[in-house]
1. Give me the pairs, please: first residue somewhere in the range 129-144 and more than 21 Å from Ala66 (Cβ to Cβ), second residue anywhere and not acidic (Asp, Glu), beta-carbon distance under 6 Å, and either six or more positions apart or on two chains.
2. Which one of these does Ala61 not meet: (1) under 19 Å from Tyr131 (Cα atoms); (2) open to solvent by 10 Å² or more (accessible area, probe 1.4 Å)?
3. Could you check how many residues of the range 265-277 are in contact with a Lys or Arg (Cβ under 7 Å, 6 or more places away or on another chain) and in a loop (DSSP other than H, G, I, E, B)?
4. Could you pull out every one of the helices (runs of 4 or more DSSP H) wholly within the range 278-332 that has 3 or more residues that are without any contact (Cβ under 8 Å) to a residue 60 or more places away in the chain?
5. Let me confirm something: among Lys91, Lys52, Lys97, Lys119, which residue is among the charged types (D, E, K, R) and in contact with a strand residue (DSSP E or B) (Cβ under 7 Å, 6 or more places away or on another chain)?
6. Could you please tell me which pairs satisfy a Cβ distance under 8 Å, a separation of 6+ or placement on different chains, a first residue in the range 41-67 that is free of Cβ contacts under 8 Å to residues at least 24 places away in the same chain and within 25 Å of Tyr176 (Cβ to Cβ), and a second residue that is more than 16 Å from the ligand (Cβ to nearest atom) and in a strand (DSSP E or B)?
7. May I ask you to say which residue of Leu199, Leu203 is away from the ligand (no atom under 16 Å from the Cβ), buried (at least 17 other Cβ atoms within 10 Å of the Cβ), more than 23 Å from Ile69 (Cβ to Cβ) and not polar (S, T, N, Q)?
8. Considering only the range 283-302, how many residues are within 20 Å of the chain's Cα centre (by Cα) and open to solvent by 40 Å² or more (accessible area, probe 1.4 Å)?
Amino acid sequence: MQRRGFVAQVLAGGVLWGSSAEGLGQQSAAPGKPPGSARLAEVVIERPLTGKPHSGKVLAAIQPHADDIPFFAAGTVAKLVSEGYTGHLIKTTNDDKAGSGTMGETILNNERDTDAVAKALGLGKVFTLGYRNHEMDGISRQEMRERLIFLIRLLKIDTIVCYDPWGTYEENPDHYVTAQVVESACWMAGMDKDYPEQLAAGLQPHSVQEKYYFARGPQLVNRIVDIAPWINIKVEANLANKTQGGAGENGARLKSRLAAQNLRLPILGNDDDTANREYIKHIFLDYDSRYLRGVPSDREVGRRYGLEWAEAFHYIGPIESKLDRYIAEHAVPM
Ligand SMILES: [Zn+2]
């Protein structure tokens, strides 16, 4: 993950994140005059739910690298799991170029971090597809799609959290290739003529019903998720990423560097564990988020909607047919 500065613009109704403009919520079109052919959508605030309303449903958090879900969507994943989802983690690359040590050590360290991320978020199985880091634009997308369709059918995945295939100005091929292949696999998994050998082996067609897409660049945002009750779990997931990314144990490193200059930041506390957690919460996810993550602070996103902490998504859910209602209201005896 590389940093980049992003902000948001309000598109009449939906929110387009990421532009060269500074600040959140700037108008990109006159009121009542949507710009160009932009698709309009209302922004829905997804709040904490009581009980286990998602019990029986299956979630897959899909990321190219060990740090993507922790950076951008860990609060939402933790929320959905706590509300009843059975969750799994799918990582599409082997992370062989992100972190210190030899290539082999880097892969192993990221593998261990990924397991720790899954544990922090309450996710069960972890699948690593193992494509080479930074090289996913050279893979067979059809092969990857077939593997994902297999997993969607096997695990009966109802909901996914992943990069937005329609997010723009994304520079990392692992991010946009993963997103695009996931998008196609989600609906194709529900067809009854795709990969019939999987069906012959006992799997059933199974479509993904809900998608939460996050992005580092311009993106249509139509859902803001209140993650305040899960912010410390998001911190935990980012703390687990010690090999790559801007979180991990950087708080303790900063504390040590300042101590060598006979300085300290009170916010970092008095021990390394506190320094790591407070750094992630207050510097990484908030104060220096644009520099370290390339997106607005989670606290800043929340503040615009009256929330303490929030994550932003392009959400795509099921659309119910209105035909039965039309028939009930208009059908007459022959
Ligand atoms: Zn990444």
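1. Cβ pairs passing all conditions: Arg141/Val181.
2. Of everything listed in (1) under 19 Å from Tyr131 (Cα atoms); (2) open to solvent by 10 Å² or more (accessible area, probe 1.4 Å), Ala61 misses just condition (2).
3. Residues that pass the stated criteria total 0.
4. Fully inside the range 278-332 and qualifying: 323-330.
5. Every option except Lys91 fails the conditions.
6. Short answer, once both residue conditions are applied: none.
7. Leu203 is the lone residue from the list that is away from the ligand (no atom under 16 Å from the Cβ), buried (at least 17 other Cβ atoms within 10 Å of the Cβ), more than 23 Å from Ile69 (Cβ to Cβ) and not polar (S, T, N, Q).
8. Summing the residues that are within 20 Å of the chain's Cα centre (by Cα) and open to solvent by 40 Å² or more (accessible area, probe 1.4 Å) in the range 283-302 gives 5.
The values are calculated or read from the model by the stated rules, or taken from the named source; none is laboratory data. Since the structure is predicted, the reported quantities are computational estimates derived from the model, not experimental observations. FYI the Cβ positions are ideal-geometry reconstructions off the backbone, even for glycines, and counts take in every protein chain you see. With ligands, DNA and RNA removed, areas are computed over all heavy atoms of the protein, side chains included. Shrake-Rupley method; radii C 1.70, N 1.55, O 1.52, S 1.80 Å.
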